[in-house]
Amino acid sequence: MTGNSATVLIVDDEAMVRDLYRVALEHAGYQVVEAPDGQAGLEVAATAKPAMILLDVRMPRLNGIEMLRKLKESDATREVPVVVLSNFDEPSVVRESLELGAHGYLVKVGTDPRELANVVEKVLAGSAIESVRLRN
């Protein structure tokens, strides 16, 4: 336990994925709130005021790219760091996420849940993280 009580919002339509990352982050001392889609994610972000958001791309109601766009357009959430965490690693989507202001783009299959706390810690400390390498 790091004793860090920062709140992290996990937005992913797969409950099993949210559970996996929630357990890992709670074990590291983070408070975790969750949302099953982008629309619910915007609502939770507005009320819970998370220190950071982990965001999937492919979701119902409002996808991750649109949620990211809305987060960055809002004065209330513009400064909240967002890391996209998705299995969808199409270069154009990665590029668009980063251009919209995501702090990083991680591929789920290459991200060990136990290492996710280190990613969160780095982002909250203002450090850069390694994002997925773009294919040409």
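Using DSSP loop states and a limit of at most 12 other Cβ atoms within 10 Å to flag GluC sites (Glu not before Pro), what is the longest stretch of the chain containing no flagged site?
In the chain, the maximal stretch lacking such sites is 1-78.
In a Debye calculation with equal point scatterers on the alpha-carbon sites of segment 30-136 and no solvent, what is log10 I(q)/I(0) at q = 0.17, 0.19 Å⁻¹? The calculated log intensity ratios at q = 0.17, 0.19 Å⁻¹ are -0.75, -0.96. Longest exposed-loop-site-free stretch of the chain, with trypsin sites (Lys or Arg not before Pro), DSSP loop and at most 16 other Cβ within 10 Å? The longest uninterrupted stretch comes out as 1-57. If you plug the beta carbon distance of Gln31 and Glu66 into 1/(1 + (r/R0)^6) with R0 = 22 Å, you get a FRET efficiency near 0.30. Computed extension length for Asp112-Leu124: 2.5 nm, one decimal, from 0.36 nm per residue of separation with the Cα-Cα distance subtracted. A Cβ-based charge dipole, computed about the Cα centre of the chain with Lys and Arg at +1 and Asp and Glu at -1, lands at about 200 debye. Stick to the Cα atoms of segment 1-64, pair each with every other, and give me the Kirkwood hydrodynamic radius in Å at one decimal. Evaluated on segment 1-64, it is 11.6 Å. Between Arg58 and Glu99, the simple label model (points 7 Å from Cα in the Cβ direction) yields a spacing of 2.2 nm. Per-residue ellipticity at 222 nm from helix content only, as computed over the chain with -39500 (n - 2.57) for each DSSP H run of at least four residues, stands at -12000 deg cm²/dmol.
Here, each number is a calculation from the coordinates, and none is a lab measurement. It should be emphasised that the depicted structure is a prediction, and the values quoted were computed from it without experimental measurement. Positions of Cβ are backbone-derived with ideal geometry, glycine not excepted, and every protein chain shown enters the neighbour counts.
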